[in-house]
Amino acid sequence: MSMLYKVKADAVYIHIPFCLHKCEYCDFTSFSGKLNWKKRYLEALYQEISLYEHSYYDTIYFGGGTPSLLEGKEIAKILELLPHDEKTEITVECNPKTLNLKKLQDYFEIGVNRLSIGIQSMNEKYLKMLGRLHTVQEAKEVFQMAREIGFQNISVDMMFALPTQTLEEVEEDIENFLCLDADHISIYSLIWEENTPFFQKLEKGIYQRTENDVEAEMYQKIIETMKENSYEHYEISNFAKSGYSSRHNQKYWQNQNYLGIGLGASGYLEEIRYSNDRDFEHYFSNVNKNRFPREEEEILNGEMKEQYRYLLGFRQLNTWLTPSGKYKKICETLFKKSYLIKREEEYQITQKGLFFFNDMLEYFL
């Protein structure tokens, strides 16, 4: 490849596919027991980054898998290849079990300025059920350690609608999460993904799905409690203190371009949405031949771009969208159903729209 591909995006996602242990509910491109591949994988990652000509990144996001399995110097080497400055939001997703004082200090010193800690639950019973390796106490200690080192932008993940979980347990969990005083909280209701141990237990009748109305009550309770505690509900699954919304994720929802690097990573550059190889050997082989390691590409026409604008844009609670063409009629229909509110030519999602979001999306598909 003589000419480098010039990246016209100011956001980059880097996928680190390694895990200490694969969680029971997870169907992401991640692997346990392959850490001995780390050195080879990082070399391939540097090679993939070198296939592009970069200008400046406003956000850099390390997702996974478990990016916090990387040492500070390994993350630093990746950052050296991506033009950025002290204003860049640099996020690393972390598993509490993989963090210690030295690693957190190293991350802080190399310029990582946002941590996303996958705590998932403040109840030992559910941590065990999910297959998480950390305890509640370890999660709290790691969070405090990060604060003491100087991290001022920490996000935590919380899951709900878990098998056997009651509304009271969710209320208790959210209160315990609030005690951390995190800057940002992402909430996820359990999704039953096929080919996961969780799904197999569901099929065998060991687990039952949470009923829809109970899940809706749980979601409602979380929203109310977060708002009472001064968090802004700015996206379907995300809450932030003032000034702490995820800059990186907002680029996705605003349908902006971003570069995706690494095994199974997806990206969106100019007209093309793509996803990378999910198989290590295919990935290595393509990158070694200086080829983009892409498994799938979707070339978007104007109509598809417009469609994505609504599918992603209405996820944001404080965003007004002005529809064009046939979408005017769709938005008007959704307004009549109280899924959207309207001011002049603009529309925004309502509380009802949040609860029926998947139904709402059907209109745009």
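Going by the structure shown, is I60 more than 22 Å from F280 (Cα to Cα) and within 17 Å of the chain's Cα centre (by Cα)? The answer is yes for I60.
The C-beta contact set for the stretch 200-229 (first residue open to solvent by 90 Å² or more (accessible area, probe 1.4 Å), second residue assigned to a helix (DSSP H, G or I), distance under 6 angstrom, 6+ apart or interchain) comprises E217/L167.
When I191 is tested against (1) modelled with pLDDT of 95 or more; (2) under 17 Å from Y126 (Cβ atoms); (3) of a type in the set (A, V, I, L, M, F, W, C), just one condition goes unmet, and that condition is (1).
Among the residues of the stretch 148-173, the ones that are surrounded by 14 or more Cβ atoms within 10 Å (Cβ to Cβ) and within 23 Å of the chain's Cα centre (by Cα) come to 14 in all.
Restricting attention to strands (runs of 3 or more DSSP E) lying wholly within the stretch 1-112, give those where 1 or more residues are more than 25 Å from Y252 (Cβ to Cβ) and open to solvent by 70 Å² or more (accessible area, probe 1.4 Å).
Numbers: elements: 11-16, 59-64, 89-94.
Strands (runs of 3 or more DSSP E) meeting the threshold: none at all.
Can you pull out the residues in the stretch 178-199 that are without any contact (Cβ under 8 Å) to a residue 12 or more places away in the chain and open to solvent by 60 Å² or more (accessible area, probe 1.4 Å)?
Matches in the stretch 178-199: C179, D181.
Among the helices (runs of 4 or more DSSP H) contained in the stretch 259-365, which hold 3 or more residues that are buried (at least 17 other Cβ atoms within 10 Å of the Cβ)?
On the way: elements: 280-288, 302-313, 327-336, 351-355, 357-362.
Where helices (runs of 4 or more DSSP H) fall fully within the stretch 259-365 and carry at least 3 residues being buried (at least 17 other Cβ atoms within 10 Å of the Cβ), they are 280-288, 302-313, 327-336, 351-355.
S2 versus (1) within 30 Å of F199 (Cβ to Cβ); (2) among the polar types (S, T, N, Q); (3) at pLDDT below 95: which is the lone unmet condition? Result: S2 fails condition (1) only. Screening the stretch 119-147 for residues that are in contact with a Leu (Cβ under 8 Å, 6 or more places away or on another chain) and of a type in the set (G, A, S) and picking the one that is surrounded by the most Cβ atoms within 10 Å (Cβ to Cβ) gives S121. For the stretch 248-269, what are the residues that are over 23 Å from Y46 (Cα atoms) and in contact with a Leu (Cβ under 6 Å, 6 or more places away or on another chain)? Scanning the stretch 248-269 gives W253, N255. Taking each residue of the stretch 310-332 that is under 30 Å from S186 (Cα atoms) and looking for partners that are part of a loop (DSSP other than H, G, I, E, B) and among the charged types (D, E, K, R) with beta-carbon atoms closer than 6 Å, six or more apart or interchain, yields T322/E345. Looking at Y207, Y219, Y188, just one residue is of a type in the set (S, T, Y) and touching a Lys or Arg at 6+ places or on another chain (Cβ under 8 Å), and that residue is Y207.
The values are calculated or read from the model by the stated rules, or taken from the named source; none is laboratory data. No experiment lies behind these values; they were computed from the predicted model shown. Backbone-built Cβ (ideal geometry, glycine too); neighbour counts: all protein chains shown. These accessible areas exclude ligands, DNA and RNA; they are computed on the full protein's heavy atoms, side chains included. Shrake-Rupley method; radii C 1.70, N 1.55, O 1.52, S 1.80 Å.
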